[in-house]
Structures are given as structure tokens and as C-alpha cells.
Amino acid sequence: MNIFQHVSDIGDLSKALDEAFEIKADRYKYQALGKNKTAMLIFFNNSLRTRLSTQKAALNLGMNVIVLDVNQGAWKLETERGVIMESDKSEHLLEAIPVMGCYCDIIGVRSFARFESRKDDYEEKILQQFIQYSGRPVFFMESATVHPLQAFADLITIEEYKNKNHIEPNPLFGGQPVERTPNRRPKVVLSWAPHPKALPQAVPNSFAEWMNAADVDFVVTHPEGYELDPQFVGNARVEYDQMRAFKGADFIYGKNWSCPGVTRPEDYGKVLGDYHDYADWTISDRQMAVTNHAFFMHCLPVRRNMIVTDDVIEAPTSIVIPEAANREISATVVLKRMLEGLK
Ligand code: AN0
Ligand code: CP
């Protein structure tokens, strides 16, 4: 594997899941594979989970790891070709990328949507340059439009929980055990929720792309105006009534995203209206009550009582921590596949 961007890059999903569970059972099984190989992780944006879980994954495989926070210590980078470089940006991405490639075997890059131009973001202008000029396999650690390491971890988590009928109380927060009747083909609902600041569409885009490829009944719910790009949402069912969407659901995936600009390109990257007016969309016991004792998922970081109430995220059915734990597993599978492909 030379690029990890879309669900299609991982190939057969049941094989990928088998590999994930093989690694989860013995995460050091492929320790010898990464000997004398270096993973370089480049962050243009903040991160807790991606930074830690991907480093851990590289260590599982016996790799060396180098992490660079571009905004802390590196030169400010110009990204546009043709600019007379007289601003505070001392170096051009077109030199920086091939230089980074000199010191490693595999590169991971985090570079969020900038919301300056829908076209630039949806063409993946930054990541495409890493693919073109680094000379190395490139995996996306949340780009302008996708977050595939997250979506893969989400799929692993759904696979682990979909057949559970007895859930013990959350060891951190207590509560009563929950009994539920699993569905053979689980109903998975991606729900928009309010947020004070504009957030990228990468997480919902990838989640939709991966759920469309998985064997689940997938529904997306959001207020009008937040329609996801057709290349990701595909033929998924879209339901504008959140309560109706939640009916009988087995998994609720909460996430905010800013306007994808599908129907009104001029609104791309905006928070539509006043977020206080969408307080009803905050995921609470009111909506969870109509589900099939659904599991609650979120990629994290999450703003409590904005996206989801304390009660829902602390309930025995909240699986946000095991979901985050699976980030190590998805990253280990991806790095393993890339190592196997090195010449
Ligand atoms: C980012 C987002 O919504 O895409 C990262 C999530 C993994 N979240 C924030 O910027 C708060
Ligand atoms: N879920 C996720 O990618 O978290 P970070 O932004 O902390 O890496």
C-alpha cells in the first residue's frame, strides 16, 4: 500500500478486520518488520490521539519514529507556487517535502481543511504534494477531506460491539448493566450535533465512506444545509428528523461538521446561523431513549453538553474510550501494509 486515503486503499474490508484482530491479539507480532525503518509524522494541526496512537503503532512494528510539529520549531512554510516570498514564510513546501522524504521510509501527514477555498480543500492540495514530491508512501492522519485511520478504528469498534448483548457498567462512571438485543446487520447513525466553531468534514466524510462499504444499515442525520459531499455520502439514507433517524439504532456516531457547501458553495466551512438555535441536536437521553440501547461513539476530542451530554458519554453504552484505543490497531495495520510494500 502506497497511499492510505480512501476505504478502497485498504482493499477487502473483512481481510482488513481479520488483520486488525490478529494484531489486537498480539500487537508485537510483526516487531521484526519495521527494523531500521523510519516513520515520519508531520503535524500541521493539533492532535492527541493520532500523535500517540500512530507512534505506538510504529513502535509495535519495531520502527523508529520522528514527529514534527510544523508550527512549533520548523520554518513557516509557503504552500502556493509562484508567490514572491517576501512574507514571514521562509521556506517553500516544494523544498520541505522532498527534504522530509530523505530522512524516512513512510510519511504520515495531518493537514486540516483551511476553509479558504472549497476547491483547494476538496482537491487535497497539500496532501497531493506530499504524494507527488516526498518519494515515500503517504498515509493521511486527517487531511482536508478525510480521516481514514479514524474511520478504520470506528469500523473495528463496531465489529467488536455489534453482537454484545450484555454491557457492564462503565468502570470510570458506574451505572447499571445494560441488556440489549443485537441486530445481525446493525443500524448505524451518523448524527450532526452543534458546536461553537467551524469544524472540518473529514471525520464524517470518512465515516460515511467506510460505513457505505461495510455491512451495516447506515443513516445520516443533520439539519438542512449540512449535506455531505456526494463522493462520501453516496447513497446513504439522509434523514433530517434526528428523532426519526435514531429510532431502533444500534450505534450513534456523534460529530459536528461545518457546512460542506454542497448546496450553497458560498457557505463552505461556515457554522450556519446561531449554534444556540440547534441546542435540540445535542445528543442526550431524550434521543438515546428511542434507540435499541445504542452504543455512543465519537472520534474525540468532544465538547461535553454541546455535542453530547455528560449522562450519554458516561453511560455503560458509551464506547468512546475503546474506540480511541482502536486507533493504535488501525494505525498498526496501515503501517504494516506500507512496510510490506516497501521495495
Ligand atoms: C477536529 C475535527 O473535527 O476534524 C479533529 C477531530 C479528530 N476537531 C477539532 O478540531 C476540535
Ligand atoms: N480522533 C483524533 O484524531 O484525535 P486527535 O485530533 O487528538 O488526533
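The values are calculated or read from the model by the stated rules, or taken from the named source; none is laboratory data. Quick caveat, the model's predicted, so the values are computed rather than measured. For neighbour counting, all protein chains shown are included, and Cβ atoms are generated from backbone atoms with ideal geometry for every residue, glycine included. When the accessible area is computed, the model is the full protein with side chains, heavy atoms only, and any ligands, DNA or RNA have been set aside. Shrake-Rupley method; radii C 1.70, N 1.55, O 1.52, S 1.80 Å.
With the checklist (1) within 17 Å of residue 334 (Cβ to Cβ); (2) more than 16 Å from ligand 1 (Cβ to nearest atom); (3) small (Gly, Ala, Ser) in hand, flag the one item residue 25 doesn't pass.
Tallying (1) within 17 Å of residue 334 (Cβ to Cβ); (2) more than 16 Å from ligand 1 (Cβ to nearest atom); (3) small (Gly, Ala, Ser), residue 25 fails exactly one: (1).
Looking only at region 41-50, filter to residues that are touching a residue at least 24 places away in the same chain (Cβ under 8 Å) and open to solvent by 10 Å² or more (accessible area, probe 1.4 Å); which one of those is farthest from ligand 1 (Cβ to nearest atom)?
Restricting to residues being touching a residue at least 24 places away in the same chain (Cβ under 8 Å) and open to solvent by 10 Å² or more (accessible area, probe 1.4 Å), the top hit is 44.
Scan region 155-167 and give yes if some residue there is in contact with a Ser or Thr (Cβ under 9 Å, 6 or more places away or on another chain), open to solvent by less than 10 Å² (accessible area, probe 1.4 Å) and not aliphatic (A, V, I, L, M), otherwise no.
no
Which one is nearest to ligand 1 (Cβ to nearest atom) among residues in region 197-222 that are among the small types (Gly, Ala, Ser) and either crowded, with 24+ Cβ neighbours inside 10 Å or under 18 Å from residue 186 (Cβ atoms) (or both)?
Step by step, filter region 197-222, then rank; the result is 202.
Collect the residues in region 229-255 that are open to solvent by less than 10 Å² (accessible area, probe 1.4 Å), outside any strand (DSSP E or B) and under 25 Å from residue 304 (Cβ atoms), keeping them in residue-number order.
245, 246, 249, 250
Which of the residues that make up region 31-87 are within 14 Å of residue 335 (Cβ to Cβ), of a type outside the set (A, V, I, L, M, F, W, C) and outside any loop (DSSP other than H, G, I, E, B)?
38, 50, 53, 54, 55, 56, 60, 64
Could you tell me whether region 108-130 includes any residue that is farther than 21 Å from residue 203 by Cβ and in contact with a strand residue (DSSP E or B) (Cβ under 7 Å, 6 or more places away or on another chain)?
no
Counting only residues that are acidic (Asp, Glu) and out of contact with any strand residue (DSSP E or B) (no Cβ under 7 Å at 6 or more places or on another chain), which one in region 1-40 is least open to solvent (accessible area, probe 1.4 Å)?
Per the stated criteria, the residue is 19.
Taking residue 279, is it over 21 Å from residue 177 (Cα atoms) and crowded, with 21+ Cβ neighbours inside 10 Å?
no
Return the residues of region 192-217 that are part of a strand (DSSP E or B) and over 17 Å from residue 147 (Cβ atoms); say none if nothing qualifies.
Matches in region 192-217: 217 only.
Would you check which residues across region 256-281 are in a loop (DSSP other than H, G, I, E, B) and among the aliphatic types (A, V, I, L, M) and list them?
Hits for region 256-281 are 262, 271, 272.
Give the residue, chosen from 82, 62, 34, that is touching a Gly at 6+ places or on another chain (Cβ under 8 Å), assigned by TED's automatic domain parsing to the domain that holds residue 141 and closer than 25 Å to residue 133 by Cα.
34
Please tell me if residue 225 is open to solvent by less than 60 Å² (accessible area, probe 1.4 Å), at pLDDT below 95 and more than 16 Å from ligand 1 (Cβ to nearest atom).
No, not satisfied.
Just checking, how many residues over region 67-88 are hydrophobic (A, V, I, L, M, F, W, C) and open to solvent by 50 Å² or more (accessible area, probe 1.4 Å)?
Number of matching residues: 6.
In region 262-312, which residues are closer than 23 Å to residue 119 by Cα, away from ligand 1 (no atom under 16 Å from the Cβ) and either among the hydroxyl-bearing types (Ser, Thr, Tyr) or in contact with a Lys or Arg (Cβ under 7 Å, 6 or more places away or on another chain) (or both)?
263, 265
Which pairs do you get when a residue that is at positive phi, found in region 289-304, comes within reach of a residue that is of a type in the set (Asp, Glu), reach meaning Cβ atoms under 8 angstrom, with the pair 6+ apart or on two chains?
From region 289-304, the pairs are 293/179; 300/323.
Hey, among the residues in region 90-105 that are open to solvent by 70 Å² or more (accessible area, probe 1.4 Å) and of a type outside the set (A, V, I, L, M, F, W, C), which one's nearest to residue 124 (Cα to Cα)?
Once the filter is applied, the top-ranked residue is 95.
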